[in-house]
1. Could you state the number of Å between the C-alpha centres of the stretch 56-89 and the stretch 215-241?
2. Using only the Cα atoms of the stretch 1-126, what are the Rg and Dmax in Å?
3. Can you figure out the FRET efficiency of VAL324 with ASN284, using R₀ = 30 Å and their beta-carbon distance, to the nearest 0.05?
4. Can you give the net charge of the other residues whose Cβ lies under 12 Å from the Cβ of THR200, counting K and R as +1 and D and E as -1?
5. Return the tail of the calculated pair distribution for the stretch 108-151, meaning the percent of Cα-Cα pairs more than 13 Å apart.
6. Which one, THR141, SER260, LEU160, projects farthest toward the positive side of the charge dipole computed for the chain from Cβ point charges (K/R +1, D/E -1)?
7. How large is the helix-only mean residue ellipticity at 222 nm for the chain, computed as the sum of -39500 (n - 2.57) over DSSP H runs with n ≥ 4, divided by its residue count, in deg cm²/dmol to the nearest 500?
8. Based only on Cα atoms, what mean projected area does the convex hull of the stretch 29-87 have, in nm²?
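Please treat every number below as a calculation from the coordinates, not as lab data. Because the structure is predicted, anything quoted here is derived from the model rather than measured. Virtual Cβ from ideal backbone geometry, glycine too; neighbours counted across all protein chains shown.
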Amino acid sequence: MNIAILGQNFGDEGKGAAVHHLCSTFDFGIRTSGGNNAGHTIYYNGKKLIRHLVPSVDFSLPNIKAFLGSGMVINPTDLLKEVQDIETTFPGAAKRIYVDPDAFVIFQHHLDQDKENVVNLGSTGRGITPAYIDKTARRGTKLEQLIKDNTKEIQELKKLGVQFKYVMELKEELKKSKIIFEAAQSVMLDLNLGLFPYVTSGDATIASIYSSGFGFVAPQKIYGVAKAFSSRVAVGPFPTEFANKDFTDNLREVAKEYGSTTGRPRRLGAFDCPMVKYAAHKGNITNLIITKLDCLTHLGEVPVCIGYEKEPVSAKDFFDAKPVYQTLKPWKDGKDISQVEHFISTIEKYTGLPVSYISAGTSPEDFINYPQAKWNMKLRNKSN
Ligand code: IMP
């Protein structure tokens, strides 16, 4: 079965980690939207690695392949740097990286044009909006032109082993493969479905899987990733944002909540059931993955937003939402499993979605199938 991993809130939920942990039974990891505005953090042998463009598959698996689809906007200089980094950790992996020549190119002038969006809209400054503007205006450049011109970056990427292939050229192989699709950003940052104008300029749901030509191998199951709390970078509505600065600062340090692309401190808030429920509906998500449960072990109590005074039916309802909270008992370690279970069942009750996986740390054994797997995690008390 092919699956997709989407973000439920405002990005940074742990999509990269989810793909990294789940990919061992898959043949291909595929991304179909966004560019290096994304920053997907994964840990390999305790070392932190960040993927901005290449799907977060675990290249230590000998056969897994990664594909960058045509819906992406790609800065060739940054792609080269990222592939070089991957080669350093996983020699030979570049040969298993495929890039669709139909993907759109981000040039330096796009980065220059993005500067005002950084100020006005909190953009990452990676040229995403100007590149998508050029694409929708039907001007600009696709990678195939750079391949034809045999630019320095293309030569270097090819030398490392990167393969430029149209989807059609891999059609038969893809049909026989198991695929894990990795979305970038999140439903609430999606250009069409998110909290406009505080969104990115691309698709963040499975729409881009179809528009990148992968409809014939579309996912049968769509998972949404959400942290045990909420976060958002930069400006825009954030209904459950914590008002207490010390509380926020403390949680930010414990959970290392700084942007993986820009290093900006993230705004933090309570788990937001109505937002997750709304995003699941918009993104056709049927199952949840809850991450970073270990980061709440220092709290005296765990707030969860179980609804808004008015149920949201459109993006604008999030701009003046009045959250209703429930306060749950905290958990300190694995002995407090009933409190964790209560937290998860509260989420399931108020979002209407089953939780399929949970994670409480960065190593593979901290990411478990829920509730089937036996609980064997040590929830580390990070405040000690
Ligand atoms: P842009 O995609 O760089 O134009 O940024 C638009 C908005 O999306 C800004 O608020 C960014 O902080 C946010 N954003 C874009 N990519 C990510 C991501 O991967 N994680 C979190 N926020 C993101």
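1. 22
2. Values for the stretch 1-126 (Cα only, Rg and Dmax): 14.7, 44 Å.
3. 0.70
4. -2
5. Counting pairs separated by more than 13 Å, the tail of P(r) holds 57 percent.
6. Farthest towards the positive end: LEU160.
7. Theoretical 222 nm ellipticity from helices: -8000 deg cm²/dmol.
8. The orientation-averaged projected area of the Cα hull of the stretch 29-87 comes to 3.9 nm².
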